[in-house]
1. If residue 209 meets every condition in (1) of a type in the set (Lys, Arg); (2) buried (at least 18 other Cβ atoms within 10 Å of the Cβ); (3) farther than 21 Å from residue 115 by Cβ apart from one, which number is that one?
2. What number of residues within segment 594-608 are of a type in the set (Asp, Glu) and over 21 Å from residue 557 (Cα atoms)?
3. Read through the list (1) surrounded by fewer than 19 Cβ atoms within 10 Å (Cβ to Cβ); (2) within 21 Å of residue 316 (Cα to Cα); (3) out of contact with any helix residue (DSSP H, G or I) (no Cβ under 7 Å at 6 or more places or on another chain), then give the number of the only condition that residue 66 fails.
4. Would you please name the residue that is modelled with the lowest pLDDT, looking only at residues in segment 280-338 that are assigned to a loop (DSSP other than H, G, I, E, B) and in contact with a Ser or Thr (Cβ under 7 Å, 6 or more places away or on another chain)?
5. Out of everything in segment 452-499 that is aliphatic (A, V, I, L, M) and not in a helix (DSSP H, G or I), what residue ends up being modelled with the lowest pLDDT?
6. Scan (1) part of a helix (DSSP H, G or I); (2) of a type outside the set (Lys, Arg); (3) open to solvent by 60 Å² or more (accessible area, probe 1.4 Å) for the single condition residue 55 breaks and write down its number.
7. If I ask for residues that are in contact with a helix residue (DSSP H, G or I) (Cβ under 7 Å, 6 or more places away or on another chain) and hydrophobic (A, V, I, L, M, F, W, C), which ones from segment 505-523 would you list?
8. Output yes when any residue across segment 502-517 is more than 24 Å from residue 566 (Cα to Cα), surrounded by fewer than 18 Cβ atoms within 10 Å (Cβ to Cβ) and of a type outside the set (Phe, Trp, Tyr), and no when none is.
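The values are calculated or read from the model by the stated rules, or taken from the named source; none is laboratory data. This is a predicted model, so every value here is computed, not measured. Neighbour counts run over all protein chains shown; Cβ positions are idealised from the backbone, glycine included. Surface accessibility is based on the protein's heavy atoms, side chains included, excluding ligands, DNA and RNA. Shrake-Rupley method; radii C 1.70, N 1.55, O 1.52, S 1.80 Å.
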Amino acid sequence: MTAQDIRSAYLKFMTDRGHTLIPRSNLVPQEDATTLFTGSGMQPMLTYLLGADHPKGVRLTDSQTVLRADDIDEVGDNRHTTFFEMLGNWSLGDYFKREQLPWCFEFLTDVIGLDPQRLYVTAFMGDAKSNLPRDEEVAEIWQTLFSGKGIEAKTGVVGSEEHGYRRGIKPGERIFFYDGNKNWWSRGGGPDTTPVGDPCGPDSEVFYRFGALDDLSHTAEQTEQYGENCHPNCDCGRFLEICNSVFMQYVKRADGSFGRLPRPNVDFGGGLERMAAASIGQADVFKISVIWPIIEQLEELSDTHYDQASAAMRVIADHLRAAVWLAVDGVTPSNTQQGYVLRRLVRRAIRQALALDLREDFLESLVPTIIELYADDFPEVAERQAAVLETLVREEHQFRKTLRAGVREFKKLAGEELTGQTVFMLFDTYGFPPELSLEEAHDHQVPVATTWRADFDRLLADQKDRSRTATAGQFKGGLADHSEISVQYHTATHLMYRALRLVLGQHVIQRGSNITPERLRFDFSHPDKMTPEQITEVERLVNEQIDKDWPLSFREEATKAALDSGVMGAFGDRYGDVVKVYTVGEPDGLHYSREICGGPHVDHTAQLAEGGRRFKITKEESSSAGIRRIKAVLS
């Protein structure tokens with residue numbers, strides 16, 4: 001089956017079983033200030049899994065786009081991607097293990113058509129210290145399901161991943177018990193670090209096994225890297241995790257013990273790309289239907305076969321797919337936060353294109369191919385096609401100019417030795433990968449120093465350390481904290497957003513915000529530098545609203561009705577069926593602005609003027625092409 005077929009079949013399978021289809025959430029979390037991106041299918045559902053009622057009921061399903069920028073350096077092998085889709089279904093206090101696992105097995109074997117002989121599953125082995133029992137119920141359900149396919153399914157206790165490499169798989173084993181590091185879910189990790197008061201519980205993963213069914217041996221290289229034996233959680237590539245069912249059946253008490261939840265939940269997540277790879281028996285996830293057309297076009301553009309440059313083509317295909325989806329969800333390239341990740345993805349793709357000798361612009365050819373892969377199933381992709389193409393092609397043009405400047409810089413080195421410090425400068429300033437510097441050195445007959453690689457690696461590591469130090473403790477969302485002054489700046493941002501639209505025009509759309517106790521920062525779409533008169537008028541309007549002492553309040557409203565009534569959202573956001581709307585003024589009467597927002601805000605606008613303070617714009621500048629940035633204070 002194609003990935004598109006699997007997605008469609010899964011959603012039908014679940015809706016046929018009483019689940020309501022809900023829309024995917026934006027890749028930029030709307031009310032979660034702890035992370036830059038939606039990093040799991042569960043993340044947008046966490047509020048409901050922790051006890052809130054969902055407006056669509058207790059059985060839900062979706063296909064959620066996900067981005068994990070932390071995996072960016074892993075891309076290049078046959079299975080890691082930064083962007084992927086998670087097929088999900090949830091039971092909020094309704095069905096549990098005896099419904100979930102048979103549905104999972106039926107979909108994998110009867111709908112997708114996976115060979116059950118190639119499926120292996122895991123379960124929680126228990127935790128004696130926390131008085132948590134082994135999940136024998138899950139093991140018994142799996143044994144029954146495998147037995148129905150005529151397959152012996154013995155259990156084996158593995159424990160830790162490390163022990164798995166020593167123990168391996170015994171004859172007839174199909175169900176494996178792992179410890180809390182592998183088969184326990186909570187927001188804090190294992191049982192010991194589960195937050196007090198949080199729902200938590202065991203999970204059960206399903207792995208697909210590639211290769212010959214009678215071969216579980218590691219190569220000498222794999223043995224040195226991983227260990228002597230293979231097991232389901234082995235990282236050698238023979239086993240691929242394709243889905244996971246989380247069973248939230250416990251709650252952690254203040255004394256460290258675990259009690260039973262009165263209404264346990266189910267959270268299922270299935271990797272669409274991995275399921276698609278398993279369905280065609282292909283360990284290389286890049287050969288599936290939502291990625292391979294990108295690879296084929298790269299082969300044509302570069303006149304290079306995939307097998308000759310698989311790592312470079314994988315990076316390009318993955319990074320551009322992620323970049324397209326970020327642009328669909330309203331992210332634009334910049335030097336901070338989500339925009340920085342988008343810029344990094346595009347530029348890493350272009351660097352890899354140099355290895356394929358693609359030295360001219362190529363995104364204009366590839367981006368429409370990626371959009372076509374998703375346009376039929378996600379209307380927002382088709383709707384934003386022109387804007388996405390413009391955003392990414394413009395970024396490529398800008399980076400190509402930077403690379404050409406680097407070539408000119410390189411030519412100045414004629415007669416000098418190429419050192420690791422120079423290689424790093426070219427990499428850091430102009431985006432030159434080390435391999436390109438070596439090629440240019442050869443072409444220009446520049447001698448290459450013998451520790452250059454060691455010097456380059458040391459400088460790169462130092463840069464990463466500085467970056468980690470600089471971002472340690474840095475907040476990831478719009479507000480640095482919920483201190484009184486940060487909350488006041490958050491409200492001031494709302495007042496300013498409305499004022500900008502009144503002064504500059506209705507084309508002004510929020511593109512990002514960053515609020516600290518010292519100031520607010522706000523990015524918005526506008527083609528020109530603001531005039532002094534426009535800045536003064538925005539300041540006047542904001543201070544006028546502060547003086548009017550508008551009340552602020554919020555209420556939940558139906559999304560469509562809210563948007564149809566003129567409520568503002570932010571940079572390409574997509575929402576569920578119900579949103580939280582903050583009003584400056586009376587929600588059903590006289591008001592200044594109404595915006596979709598997670599809060600928090602002050603009670604009255606006059607609180608912004610405490611101590612005689614006034615709203616003042618301290619800086620207006622360009623953030624990126626077509627995007628302006630304002631910094632402002634209350635002083």
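1. Unmet condition: (3).
2. 0
3. (1)
4. 334
5. If we take residues in segment 452-499 being aliphatic (A, V, I, L, M) and not in a helix (DSSP H, G or I), then 472 is modelled with the lowest pLDDT.
6. Against the list (1) part of a helix (DSSP H, G or I); (2) of a type outside the set (Lys, Arg); (3) open to solvent by 60 Å² or more (accessible area, probe 1.4 Å), residue 55 comes up short only on (1).
7. 508, 515, 520, 522
8. So far as segment 502-517 goes, yes, one or more of its residues are more than 24 Å from residue 566 (Cα to Cα), surrounded by fewer than 18 Cβ atoms within 10 Å (Cβ to Cβ) and of a type outside the set (Phe, Trp, Tyr).
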